[in-house]
Amino acid sequence: MKITPLALEGIVLIEIPAFEDSRGMFMETWREDRFSDAGVTMKWHQDNLSISRQKGTIRGMHWQIQPFAQAKLVRVVNGRILDVVVDIRRGSTTFGKAIGVELLGNANQALLVPVGFAHGFCTLENDTIVIYKTSANYNPASERSLNWACPDLQISWPINASEAIVSQKDSDAPAWADLAGEDMF
């Protein structure tokens, strides 16, 4: 397993070994001892599956506040996404900064998103399937959102806002400046 730290502290790209032969491929997508040896020690409570039928579907930017704050381990099973995280940890040297990472279904990768980050993605292909583990269960009262198209975050989305397929909830999410006084997580 190869762990590559990215530009925001705590965000890492994990390359998971796969075994291929004439029948296809096999991979251990989660094995506690190996991930723990690599420094990924979260306890996972929930697995989620997202299927996006159309290219240009945006999901996010979401997080949960304490006591239900979530770390996520994100993988693409089919298709491609631009996975985006925003640092919402007040006092962090990268507070308010965003990065995007392209994840592919055939690349045997996972993105670790620790507690303290807003998370979302844009599908780059039709019929994209994303699975992710969370370190806490979903709690609707703890869920928070940030407007995915907020210009303050300078996210380079691969689609124009007018062409994006977005839920009403995500379209109505507050801008970064509107969250200035809130407890982020």
**Asked** Only one of (1) exposed (fewer than 15 other Cβ atoms within 10 Å of the Cβ); (2) within 24 Å of S167 (Cβ to Cβ); (3) not hydroxyl-bearing (S, T, Y) is not met by R75, so which one is it?
**Response** (1)
**Request:** Go through the range 106-148 and count every residue that is free of Cβ contacts under 8 Å to residues at least 60 places away in the same chain and surrounded by 18 or more Cβ atoms within 10 Å (Cβ to Cβ).
**Result:** 2
**Asked** Taking N147 and the conditions (1) within 14 Å of the chain's Cα centre (by Cα); (2) assigned to a loop (DSSP other than H, G, I, E, B), which numbered condition does it fall short on, given that it satisfies the others?
**Response** (1)
**Item:** Long-range neighbours under 7 Å by Cβ, at least six apart or interchain, first residue farther than 15 Å from P174 by Cα within the range 152-164, second in a loop (DSSP other than H, G, I, E, B)
**Value:** P158/L124; I159/G56; A161/A149; E163/G56; A164/G56
**Message:** surrounded by 18 or more Cβ atoms within 10 Å (Cβ to Cβ) and under 21 Å from W44 (Cα atoms): is that true of V86 in this structure?
**Reply:** no
**Asked** Only one of these conditions is not met by P174: (1) in a loop (DSSP other than H, G, I, E, B); (2) farther than 17 Å from Q64 by Cβ. Which number is it?
**Response** (2)
**Message:** Return the residues of the range 1-57 that are exposed (fewer than 15 other Cβ atoms within 10 Å of the Cβ), modelled with pLDDT of 90 or more and of a type in the set (G, A, S); say none if nothing qualifies.
**Reply:** A7, A18, S22, G24, S36
**Asked** Within the range 83-99, is even one residue in a helix (DSSP H, G or I) and modelled with pLDDT of 95 or more?
**Response** no
**Asked** Do we find a residue being outside any strand (DSSP E or B), more than 27 Å from P174 (Cβ to Cβ) and without any contact (Cβ under 8 Å) to a residue 12 or more places away in the chain anywhere in the range 39-49?
**Response** yes
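The values are calculated or read from the model by the stated rules, or taken from the named source; none is laboratory data. Bear in mind that the values here come from a model prediction, so they are computed numbers and not experimental data. Note that each Cβ is placed from the backbone with ideal geometry, even for glycine, and that neighbours are counted across all protein chains shown.
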